[in-house]
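What follows is one structure encoded as structure tokens, with my remarks underneath.
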Amino acid sequence: MNETIKTLKTRRSCRSFKPEMVKDSELKAIVEAGTYAATGMGKQSPIIIAVTDKELRDQIAEENRKIGGWNEGFDPFYGAPVILIVLADKSVPTYLYDGSLVMGNLMNAASSLGVANIWIHRAKEEFESEFGKSLLKKLGIEGDYEGIGHCALGYDAKEANAAAPRKENYAYFI
């Protein structure tokens, strides 16, 4: 089977990460793959923020936890040491689709390198909040960005589950 198709068929979300940091070469390759996602009219509306600083990572996790309504102490990133945040420029009509394609590239690239991953939501709410706006300002990021998602990265602490059977009538050939 073609390696790309194998990766697409075997990628699974990870909900239990080891604490060890993702290798720098792998992280850079994953982020670079994200920058090659298709975007409407080639406008490249998304940006990727790679968070490896534990203190900032934990602050983002806490904001995400509050938005999600979970109990104190819950980590919505399941212990992943790296968070890739995808935001996209709302002035571009295809920004939501563009950012979603970046997320897909990030997750599939990570899987192809043996780096576990999961898409975590609530980036939209995070970056609409004062916390998110302040973070962007602190990073010198200007513009009208909407949070699309977080790609949590790390190494799997346990073996991933097998894929569920595909539903009937998933695809129609005419």
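Using heavy atoms of the protein chains and a probe of 1.4 Å, the accessible area assigned to D144 is about 90 Å². Taking a ≥ b ≥ c as the square roots of the eigenvalues of the Cα gyration tensor of the range 96-170, is the shape rounded (a/c under 1.5), prolate (a/b larger than b/c) or oblate? Note, shape of the range 96-170 comes out prolate. Taking every protein chain into account, the accessible area of the chain amounts to 60 square angstrom per residue (probe 1.4 Å).
Normalised by residue number, the volume inside the convex hull of the Cα atoms of the range 89-138 is 98 Å³ per residue.
In straight-distance terms, cross-link reach from K90 covers every one of the lysines whose alpha-carbon lies under 27 Å from its own, apart from those fewer than eight places away in the same chain; here that gives K28, K43, K66, K124, K133, K137, K138.
Within the chain, what whole-number % of the accessible surface is contributed by carbon and sulfur, with the 1.4 Å probe and all protein chains included in the calculation? Answer for the chain: carbon and sulfur cover 52 percent of the accessible area. What longest range of the chain stays clear of loop-exposed GluC sites (Glu not before Pro) (DSSP non-H/G/I/E/B, at most 10 other C-beta within 10 angstrom)? Segment 73-141 is the longest. Using just its DSSP H runs of length 4 or more, each adding -39500 (n - 2.57), the chain gives a mean residue ellipticity at 222 nm of -12000 deg cm²/dmol after division by all residues. Over all directions, the projected convex hull of the C-alpha atoms in the chain averages 12.2 nm² in area. A cut-off of 5 Å between modelled amide H atoms, ignoring neighbours fewer than 5 places along the same chain, links G149 with V86.
The values are calculated or read from the model by the stated rules, or taken from the named source; none is laboratory data. All of these numbers come straight from a predicted model, not from anything done at the bench. Cβ coordinates were reconstructed from backbone atoms using ideal geometry, including for glycine residues, and neighbour counts include every protein chain displayed. Surface areas here come from the heavy atoms of the whole protein model, side chains and all, with no ligands, DNA or RNA. Shrake-Rupley method; radii C 1.70, N 1.55, O 1.52, S 1.80 Å.
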